[in-house]
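The values are calculated or read from the model by the stated rules, or taken from the named source; none is laboratory data. Since the model is a prediction, treat every value here as computed from it, not as a measurement. Every residue, glycine as well, gets a Cβ built from its backbone with ideal geometry; the counts of neighbours run over all protein chains shown.
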């Protein structure tokens, strides 16, 4: 084998209490798309941060193109030809595209010249962008383009991409893959982080799998089945949700022609949204991030009031009622943002439990909080949903993302809702925990609750939903049965095609 | 009431003098806030600048040295705020309020021996034929150097923020410090420099009060000018041009209402005294209502570069 582009030898990085990377070795070849696979907390992010110079390794060495490579900061990594596209975009909402690109470059040219280059490069790679647009107004897919273009303008040898497809429609994923293949053909190697196995099998030449900070294997994904890859990642096989027989009851939640203006400068208005969910049914709502998911959840949960007559819960109009009244009537919700929206970061799990469950679970006595009952309730959630926490008194912010997610979803499910609305229930949760959350949602539906799951994970929606609808710029398509849906149809729905009657029939 | 007792030429001239200290403090604070730091200690830095500038000018007989010393003293004082909030991650609001209290106390201590003295003041500039123009010459072209420096500073700040790379980086840090850090910019260092600049500007504003506008030292002489500067930054939606409008509006109404009081206007004195505050806020709210320009997204949020 020829000399690799980048060779990692014995990379180790420890944080207090946890070893993020333990003696990791692998090579990234020239002209190669190399996948880095692993569950949340497997150490992928720390590893790429070391390559990009954001984190210094405790031990180990890196060799780039035959020369020692010890970047002490990102600008040095960029000078050596290493670029990175972040998972949580490192963009500035209030600045325009050209300014954002300039911030990521060492020696940006004059503004006019830069705008011109952004235009030509973005078109050359099939990712058209207008340099003068304010980034806050772009869709998630367009924002990712900004990051990619920012890297491409510096002719990188190695491009690191952290979960690039998690926010894209299937069509946008295709475009991205074409771009990446073109880059490889032109001599750029790509380190591609993902946990979507099928994607890796279509796109990547080589895959390295991390588990608990250690390298498990390097293999050729095309010759390895998705099942094998998953088992290497998790280290054990995990339960897939059981198939089930749906028995549908009365309509529990009905939304008719709901329109709401955008809540802020960067929000999305809801436009004429109609949906209905029956007892025992799971309605999956897909769509690219920022197309009205948060706004829809806020309208359903009661955080924002709606025009009278637009939202009906179990036959009663609740449009003008706030979250408390809707909770009392049986409509519970779990928003996307765990810290700060679903849970108060500095309050303990018990206190967070009281915040939503006080009335339904009788945690109040004569207007005072019954702490014993609150603790019992919290501990019941912790044990039922396998939340790994030192105690019920631990502050919410001290839990890892996955564990907190299990807690906030479990907290709502344990209150036996009639209708449950959740946004991104398994976002950032490892595969085993995600499977447990999905199973709990299905069980709840089997017991006669109506459920709305808003998610950007299409596999998840296909797995648990009975019907599927998509949000696009605040419009909701008609819901269609999941059985028989093809990825093309889903893509069209997410892209906003309005002629869905054909698929519906 | 006798409106003829108000001389429009003198009125405009004194508006420019009255607006300058607030303009200086506000433009400095705007830069600080654009970098994502909320420094509520403007009042304390201003009055420190006022007393230090006054003391140095008296002792050296040179008002220019007074201004320089005032800028330096307030900037050093602001660095204590920077160390506490940026390095030790203390709460910005509480630390800023503390800075104001420290400044007020420190200034009355330093200023005790100087009460009742009169300082040398800045000479009026002679701008040749411009100053000789009828009416306009008296109004606009016969002030001291600091008036013009403060206006030039507004233009420089505006141009730097809009057109230069350092301005872009400063805005980026204030907008999203995590992203700026991920791109490899030194968030804390940039914020420290902004805080230092803001302190120096507040010091100049304070010294202008004690060396030109009054020119005397009395305890607590800033009388809320620092707070007004803070309010102007917010209502001006963090834009340099609007900060200038706000400062001149406030200065203008202040001078006008004093003139009206002197002319014996049939309006309650309390209402006249409150009018600069009301007018400034009303007008700036009206301006910023059109076009949504929010606060820098990281304003007041603590930054810690955890991995």
* Of the residues that make up region A:437-451, is at least one farther than 23 Å from residue A:341 by Cβ and buried (at least 21 other Cβ atoms within 10 Å of the Cβ)? -> yes
* **Candidates B:120, B:134, filtered to the one that is part of a loop (DSSP other than H, G, I, E, B), under 18 Å from residue B:62 (Cα atoms) and out of contact with any strand residue (DSSP E or B) (no Cβ under 9 Å at 6 or more places or on another chain)** => B:120
* Inspect all residues belonging to region A:98-112 and state whether any of them is crowded, with 18+ Cβ neighbours inside 10 Å, assigned by TED's automatic domain parsing to the domain that holds residue A:191 and more than 27 Å from the chain's Cα centre (by Cα). => yes
* Subset of region A:168-180 [in contact (Cβ under 8 Å) with a residue 60 or more places away in the chain and over 13 Å from residue A:85 (Cα atoms)] -> A:168, A:169, A:170, A:171, A:172
* What single numbered condition from (1) touching a residue at least 60 places away in the same chain (Cβ under 8 Å); (2) more than 14 Å from every other protein chain (Cβ to nearest Cβ); (3) in a helix (DSSP H, G or I); (4) out of contact with any strand residue (DSSP E or B) (no Cβ under 7 Å at 6 or more places or on another chain) fails to hold for residue B:231? -> (1)
* Could you list, in sequence order, all residues of region B:255-300 that are free of Cβ contacts under 8 Å to residues at least 24 places away in the same chain, away from chain A (no Cβ under 14 Å) and assigned to a loop (DSSP other than H, G, I, E, B)? => B:267, B:268
* **From the options A:152, A:91, A:158, residue that is at pLDDT 90 or above and either within 10 Å of another protein chain (Cβ to nearest Cβ) or more than 18 Å from residue B:179 (Cβ to Cβ) (or both)** => A:158
* Kindly provide the set of residues from region A:286-305 that are surrounded by fewer than 23 Cβ atoms within 10 Å (Cβ to Cβ), part of a loop (DSSP other than H, G, I, E, B) and touching a strand residue (DSSP E or B) at 6+ places or on another chain (Cβ under 7 Å), ordered by number. => A:304
* To do: Could you please let me know if residue A:283 is crowded, with 22+ Cβ neighbours inside 10 Å, touching a residue at least 24 places away in the same chain (Cβ under 8 Å) and under 30 Å from residue A:164 (Cβ atoms)?
  => yes
* Structure fact -> When residue A:312 is run through (1) within 24 Å of the chain's Cα centre (by Cα); (2) modelled with pLDDT of 90 or more, the failure sits at (1)
* To do: List the number of the failed condition for residue B:238; all other conditions in (1) at pLDDT 90 or above; (2) within 14 Å of chain A (Cβ to nearest Cβ); (3) assigned to a helix (DSSP H, G or I) hold.
  => (3)
* To do: Would you check if there is a residue in region B:147-159 being within 14 Å of chain A (Cβ to nearest Cβ) and either part of a helix (DSSP H, G or I) or buried (at least 22 other Cβ atoms within 10 Å of the Cβ) (or both)?
  => yes
* To do: Can you tell me which residue within region B:184-195, out of those that are surrounded by 19 or more Cβ atoms within 10 Å (Cβ to Cβ) and under 21 Å from the mean Cα position of the chain (by Cα), is farthest from the other protein chains (Cβ to nearest Cβ)?
  => B:195
* Asked: How many residues are facing chain B (nearest Cβ under 8 Å), buried (at least 18 other Cβ atoms within 10 Å of the Cβ) and in contact (Cβ under 8 Å) with a residue 24 or more places away in the chain when one looks only at region A:52-76?
  -> 2
* List the number of the failed condition for residue A:135; all other conditions in (1) in contact with a strand residue (DSSP E or B) (Cβ under 8 Å, 6 or more places away or on another chain); (2) within 14 Å of chain B (Cβ to nearest Cβ); (3) farther than 30 Å from residue A:474 by Cα; (4) touching a residue at least 24 places away in the same chain (Cβ under 8 Å) hold. => (3)
* Asked: Pairs under 7 Å by beta carbon, first residue more than 14 Å from residue A:135 (Cβ to Cβ) and facing chain B (nearest Cβ under 10 Å) in region A:98-115, partner in a loop (DSSP other than H, G, I, E, B) and modelled with pLDDT under 90, six or more apart or different chains?
  -> A:105/A:153; A:105/A:154
* Return the total of residues in region A:131-177 being over 20 Å from the mean Cα position of the chain (by Cα) and not in a helix (DSSP H, G or I). => 11
* Got at least one residue in region A:119-129 being touching a helix residue (DSSP H, G or I) at 6+ places or on another chain (Cβ under 6 Å) and within 12 Å of chain B (Cβ to nearest Cβ)? -> no
* Could you tell me whether residue B:54 is farther than 27 Å from residue B:160 by Cβ and assigned to a helix (DSSP H, G or I)? => yes
* Asked: Given the conditions (1) away from chain A (no Cβ under 14 Å); (2) surrounded by fewer than 18 Cβ atoms within 10 Å (Cβ to Cβ), and given that residue B:178 satisfies all but one, which numbered condition is not satisfied?
  -> (1)
* Of all residues in region A:328-361, which are without any contact (Cβ under 8 Å) to a residue 40 or more places away in the chain and in contact with a helix residue (DSSP H, G or I) (Cβ under 7 Å, 6 or more places away or on another chain)? -> A:354, A:359
* Determine, yes or no, whether residue B:214 is buried (at least 16 other Cβ atoms within 10 Å of the Cβ), away from chain A (no Cβ under 14 Å) and without any contact (Cβ under 8 Å) to a residue 12 or more places away in the chain. => yes
